[in-house]
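To start, the structure itself, in structure tokens.
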Amino acid sequence: MTRRTERIGEQIRAELARLLLEEATDPRLRGVTFTRVEVSPDLSIARVAWSALPVEDAPPGADVQRALDHAAGFLRRGLAHALQLRRTPELRFRHDDSLELGDRTLAALHELEHDEEEGS
């Protein structure tokens, strides 16, 4: 990625987060965080990685993915109004499981540490 695509990706991520927080009404999108946006060199596609924080009564990840896919047009229109780009990229959403993987890794490390303390 070039500096330009990185900068545009960060602008897209920030604006999507704002749109989700301030304008989206779908309850399936509560607790969703956009972790990263990778923009194609020609700015035609933005791959948006998302993660969902545990929220009471939150739906499973598949529902969140469907909600994001359904809201893609609304979010893209919001981006077109907010960002001064010649072409607003198509939004493609994918789940980012790195936060959950990190939590599982930390839990395993804490369990090992606890086992070592008991064994000593």
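The values are calculated or read from the model by the stated rules, or taken from the named source; none is laboratory data. Small disclaimer: the values here were computed from a predicted structure and weren't measured. Backbone-built Cβ (ideal geometry, glycine too); neighbour counts: all protein chains shown.
Candidates R7, R18: the one that is farther than 16 Å from D96 by Cα, over 14 Å from the mean Cα position of the chain (by Cα) and not aromatic (F, W, Y) is R7. From the residues in the stretch 1-58 that are in contact with a Gly (Cβ under 8 Å, 6 or more places away or on another chain), at pLDDT below 95 and aliphatic (A, V, I, L, M), which one is surrounded by the most Cβ atoms within 10 Å (Cβ to Cβ)? Filtering first and then ranking leaves A52. Counting only residues that are among the basic types (K, R) and closer than 14 Å to L29 by Cβ, the stretch 59-89 holds 1 of them.
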